[in-house]
2 protein chains.
Amino acid sequence: MNRDAKRTLLQDVAREAGVSTASVSRVLNRAPHVSERLRNRVEAAIDSLGYVPDGTARALASRRIGAIGALVPTLDNPVFSAMIDSLEQRLKQYDCRLLIATYRYSLDEEVESLRTLIQQGIDGAVLIGHDHLPATLELFRRHEVPYLTCWHSEEDPDWPSIGFDNAAPARHLAEHLIDLGHRRFGVISAPVDGNDRARARLAGFRQALETAGLDLADDHVVTVEYGIEEGAAAFAELMRLMPRPTAILCGNDVLAFGAMFAAAQAGIAIPDDLSITGFDDLPQSRFMHPALTTVAAPSAEVGRLVADTLVARIRGDQTPHRQVLEARVVLRGTTAPPLHEMEPA
Amino acid sequence: MNRDAKRTLLQDVAREAGVSTASVSRVLNRAPHVSERLRNRVEAAIDSLGYVPDGTARALASRRIGAIGALVPTLDNPVFSAMIDSLEQRLKQYDCRLLIATYRYSLDEEVESLRTLIQQGIDGAVLIGHDHLPATLELFRRHEVPYLTCWHSEEDPDWPSIGFDNAAPARHLAEHLIDLGHRRFGVISAPVDGNDRARARLAGFRQALETAGLDLADDHVVTVEYGIEEGAAAFAELMRLMPRPTAILCGNDVLAFGAMFAAAQAGIAIPDDLSITGFDDLPQSRFMHPALTTVAAPSAEVGRLVADTLVARIRGDQTPHRQVLEARVVLRGTTAPPLHEMEPA
DNA sequence: TTGTAGGCGTTATCAT
DNA sequence: ATGATAACGCCTACAA
């Protein structure tokens with residue numbers, strides 16, 4: 001009786017079953033060319049000994065760890081946690097684990113986190129968005145780690161992707177407001193530095209306005225960090241403009257929540273006095289008063305598809321370089337014609 | 001020029017620096033008794049070769065993988081994603097990675113996920129709550145994996161914990177409503193099966209009511225899955241009761257959101273016609289109209305403390321068996337005296 | 001303080 | 001189809 005009852009090894013299983021360690025390994029890995037009889041003997045031995053394979057030894061010998069890495073800016077944003085949630089669920093079906101790292105929107109930290117994950121031996125990785133440092137790409141290349149980006153739809157030979165167009169729906173939102181008769185706009189944007197999604201959305205807003213011959217002065221675009229309170233503060237800033245905007249486009253739903261809250265505080269009626277839009281379609285956006293007009297980001301779908309595609313890439317299968325999902329505009333109650341609007345000059 | 005330019009190994013670094021592999025290993029692991037000179041030589045060699053240690057080999061040889069596992073019911077619930085977010089951030093400071101697995105509130109699936117994580121070689125694990133299958137405990141014991149539970153405050157020699165009391169604040173919420181003059185209550189609860197937190201909260205509600213000599217009939221407790229829509233449906237069910245409750249206690253904020261939405265739809269004024277409470281204090285709860293009376297679950301704090309404590313346990317340090325954080329009742333705008341209430345008989 | 005060498009538990013390449 | 005056995009890359013007694 002050893003003082004720490006040595007764990008049972010593959011070798012013990014082999015002895016118990018009266019076969020070679022190679023055969024046990026084959027059974028474990030469902031390798032072809034294994035006789036029914038041998039398989040049964042081995043499986044019986046495994047059961048009777050309660051054998052559990054050692055993942056680290058297996059990883060060293062096989063050069064794959066059975067886990068992928070996901071690098072996300074933060075899990076505090078529900079769109080990302082929803083994506084990660086569905087990603088993990090799907091990976092489980094492939095018997096693949098998930099290693100998470102967050103980088104607080106710092107691309108430098110993203111590189112560092114990726115480095116440690118690669119060191120850890122991940123079989124593949126998924127990144128958010130299209131903005132990354134060159135060092136990131138170099139790490140993937142040098143260590144030959146299969147990777148994917150998601151949440152954007154840029155065409156780029158360096159970055160295979162699964163996502164959706166962030167600019168077009170943003171443009172549609174702005175066009176919708178223009179069609180309703182709005183002429184004076186305000187924008188609340190997330191910081192665009194290192195965040196291509198925020199940038200694309202802002203660009204979409206701008207494009208629609210320019211096409212309509214409308215001006216969007218710099219002081220009509222307020223940039224704030226993610227957060228309801230931040231959205232409320234940005235809203236207050238926009239409301240100090242004279243003349244006031246009649247519509248406010250927000251870079252995401254949470255900023256829109258903040259804007260709606262501040263509007264209510266200030267006694268500004270949505271959508272009668274002012275229209276507001278979001279982007280993401282968080283679960284509660286449907287259940288507000290009024291319900292938020294926004295764009296539905298397909299979080300869960302992205303997660304599933306990333307799992308399917310990354311696993312395929314790891315296997316060496318061919319996969320589409322770029323997959324674009326639909327991000328649909330959802331018209332609800334926060335957008336309406338500008339009631340108290342004067343006709344443009 | 002090999003066709004796959006073999007990666008540089010620790011051995012290569014040793015040769016380059018003109019020292020033994022053991023010395024390189026020592027430098028890598030910040031072992032004591034290493035001369036300044038040797039360290040510099042080795043570090044120079046590491047830089048010049050761009051050496052990156054192999055995590056899998058290190059894991060096999062050292063018997064630790066540099067990652068812990070977190071088993072959570074789902075990441076779709078913001079309280080959990082917030083906790084995981086802070087957990088991961090803190091773990092990074094200890095140079096420790098995070099492996100995530102979700103189990104959709106199925107304790108059987110929890111066991112299975114734990115098994116694969118342990119097989120993966122995790123250095124430690126954290127579980128949510130106090131409800132677990134015996135097999136879970138056995139896995140920890142058998143594989144000698146340090147572990148922690150969180151989000152509850154049960155005293156149990158088997159389960160070291162970091163969390164907060166779920167029952168007491170729930171009781172306080174109910175007491176507060178009783179003090180305001182409410183006598184007829186409804187409860188919207190999450191499924192309590194395998195969920196000690198939901199059970200504790202419900203028990204807290206019950207206890208306060210019983211102490212006050214009030215009745216809570218079975219049909220005044222509606223159990224629904226997590227979700228705004230689910231909360232709304234439960235609310236509708238409670239509103240069909242005659243006489244109607246004047247206060248509704250919800251098992252979490254999201255259910256409360258649903259209830260508030262349904263109330264607004266039905267033209268029931270909160271808090272004048274009806275009081276509503278939640279539990280969790282999600283970011284938006286403060287920014288609703290009216291703002292939600294609820295209990296603040298210290299998500300981020302739990303995450304940080306779990307990281308600190310689990311890492312200490314892995315090192316073999318002594319840590320408190322049970323750490324109880326404060327979960328404070330936050331009185332806001334959804335609770336008020338029952339305006340249209342008759343005096344109790 | 002530094003070097004030598006034997007594991008760590010599998011997988012995978014050969015034979016047979 | 002099955003069996004020997006050499007990797008896999010690093011850590012760590014133990015020796016010097």
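The values are calculated or read from the model by the stated rules, or taken from the named source; none is laboratory data. Please read all numbers here as calculations on a predicted model, not as lab measurements. Heads up, the Cβs are rebuilt from the backbone with ideal geometry, glycines too, and the neighbour counts pull from every protein chain shown.
Filtering segment B:27-43 to residues that are crowded, with 16+ Cβ neighbours inside 10 Å and hydrophobic (A, V, I, L, M, F, W, C) leaves B:V27, B:L28, B:L38, B:V42. Number of residues in segment A:225-260 that are within 24 Å of A:D196 (Cα to Cα) and either within 10 Å of another protein chain (Cβ to nearest Cβ) or assigned to a helix (DSSP H, G or I) (or both): the value is 17.
Evaluate segment A:125-132: report whether one residue or more is within 16 Å of DNA strand D (Cβ to nearest atom) and assigned by TED's automatic domain parsing to the domain that holds A:T309. Checked against the condition, which is being within 16 Å of DNA strand D (Cβ to nearest atom) and assigned by TED's automatic domain parsing to the domain that holds A:T309, segment A:125-132 yields no hits at all. Scanning segment A:271-288 for residues that are of a type outside the set (S, T, N, Q) and touching a strand residue (DSSP E or B) at 6+ places or on another chain (Cβ under 6 Å) yields A:I276, A:G278, A:F279, A:D281. Applying the set (1) more than 8 Å from DNA strand C (Cβ to nearest atom); (2) over 38 Å from the mean Cα position of the chain (by Cα) to B:R37 leaves exactly one unmet item: (1). Looking for something surrounded by 23 or more Cβ atoms within 10 Å (Cβ to Cβ) and within 19 Å of B:M260 (Cβ to Cβ) - is there at least one such residue anywhere in segment B:193-200? No, that holds for no residue. From the list A:L325, A:L331, A:L339, A:L282, the one residue that fits, being surrounded by 18 or more Cβ atoms within 10 Å (Cβ to Cβ) and either at pLDDT 95 or above or not basic (K, R) (or both), is A:L282. The set of residues from segment B:77-97 being within 23 Å of B:F164 (Cβ to Cβ) and more than 7 Å from chain A (Cβ to nearest Cβ) comprises B:N77, B:V79, B:F80, B:M83, B:S86, B:L87, B:R90, B:L91. State whether one or more residues within segment A:124-137 are assigned to a helix (DSSP H, G or I), out of contact with any His (no Cβ under 8 Å at 6 or more places or on another chain), crowded, with 24+ Cβ neighbours inside 10 Å and within 13 Å of chain B (Cβ to nearest Cβ). No, the conditions are met nowhere in segment A:124-137. Here A:G213 meets the list (1) on the phi < 0 side of the Ramachandran plot; (2) out of contact with any strand residue (DSSP E or B) (no Cβ under 6 Å at 6 or more places or on another chain) almost entirely, failing just condition (1). The single condition from (1) assigned by TED's automatic domain parsing to the domain that holds A:D158; (2) small (G, A, S); (3) within 23 Å of A:S189 (Cα to Cα) that A:A312 fails is (3). Within segment A:53-76, can one find any residue that is closer than 23 Å to B:A57 by Cα, within 10 Å of DNA strand C (Cβ to nearest atom), of a type in the set (D, E) and within 9 Å of another protein chain (Cβ to nearest Cβ)? So far as segment A:53-76 goes, yes, one or more of its residues are closer than 23 Å to B:A57 by Cα, within 10 Å of DNA strand C (Cβ to nearest atom), of a type in the set (D, E) and within 9 Å of another protein chain (Cβ to nearest Cβ).
Taking segment B:144-216 and the strands (runs of 3 or more DSSP E) fully enclosed by it, the elements with 2 or more residues that are of a type in the set (G, A, S) are at B:161-164, B:185-189. Among the residues of this structure, A:V111 counts as one that is in contact with a Ser or Thr (Cβ under 6 Å, 6 or more places away or on another chain), surrounded by fewer than 24 Cβ atoms within 10 Å (Cβ to Cβ) and not aromatic (F, W, Y). Out of all the residues in segment A:262-285, is one or more hydroxyl-bearing (S, T, Y), closer than 23 Å to A:F164 by Cα and in contact with a Cys (Cβ under 8 Å, 6 or more places away or on another chain)? Yes, segment A:262-285 has at least one match. Scanning segment B:98-123 for residues that are facing another protein chain (nearest Cβ under 8 Å), free of Cβ contacts under 8 Å to residues at least 60 places away in the same chain and over 23 Å from B:P78 (Cβ atoms) turns up B:R115, B:T116, B:L117, B:I118, B:Q119, B:Q120.
What about A:V34, is it more than 9 Å from every other protein chain (Cβ to nearest Cβ) and within 12 Å of DNA strand D (Cβ to nearest atom)?
Details: more than 9 Å from every other protein chain (Cβ to nearest Cβ): yes; within 12 Å of DNA strand D (Cβ to nearest atom): yes.
Considered against the rule, which asks whether it is more than 9 Å from every other protein chain (Cβ to nearest Cβ) and within 12 Å of DNA strand D (Cβ to nearest atom), A:V34 comes out as yes.
Per the listing B:A57, B:A22, the residue uniquely within 13 Å of DNA strand D (Cβ to nearest atom), without any contact (Cβ under 8 Å) to a residue 12 or more places away in the chain and under 37 Å from the mean Cα position of the chain (by Cα) is B:A57. One residue alone among B:I46, B:I68 is away from DNA strand D (no atom under 13 Å from the Cβ) and either among the polar types (S, T, N, Q) or crowded, with 20+ Cβ neighbours inside 10 Å (or both), and that residue is B:I68. Of all residue pairs spaced 6 or more apart or on separate chains, those with beta-carbon atoms under 6 Å, a first member in segment B:185-197 that is farther than 15 Å from B:A247 by Cβ and a second member that is aliphatic (A, V, I, L, M) are B:A190/B:A198; B:V192/B:A198; B:G194/B:L107.
One line per residue, one yes/no per condition, for (1) within 21 Å of A:I68 (Cβ to Cβ); (2) assigned by TED's automatic domain parsing to the domain that holds B:L127:
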{"residue": "B:A14", "(1), (2)": "no, no"}
{"residue": "B:S23", "(1), (2)": "no, no"}
{"residue": "B:L28", "(1), (2)": "no, no"}
{"residue": "B:P32", "(1), (2)": "no, no"}
{"residue": "B:S48", "(1), (2)": "no, no"}
{"residue": "B:P53", "(1), (2)": "yes, no"}
{"residue": "B:T74", "(1), (2)": "yes, yes"}
{"residue": "B:D85", "(1), (2)": "yes, yes"}
{"residue": "B:L91", "(1), (2)": "yes, yes"}
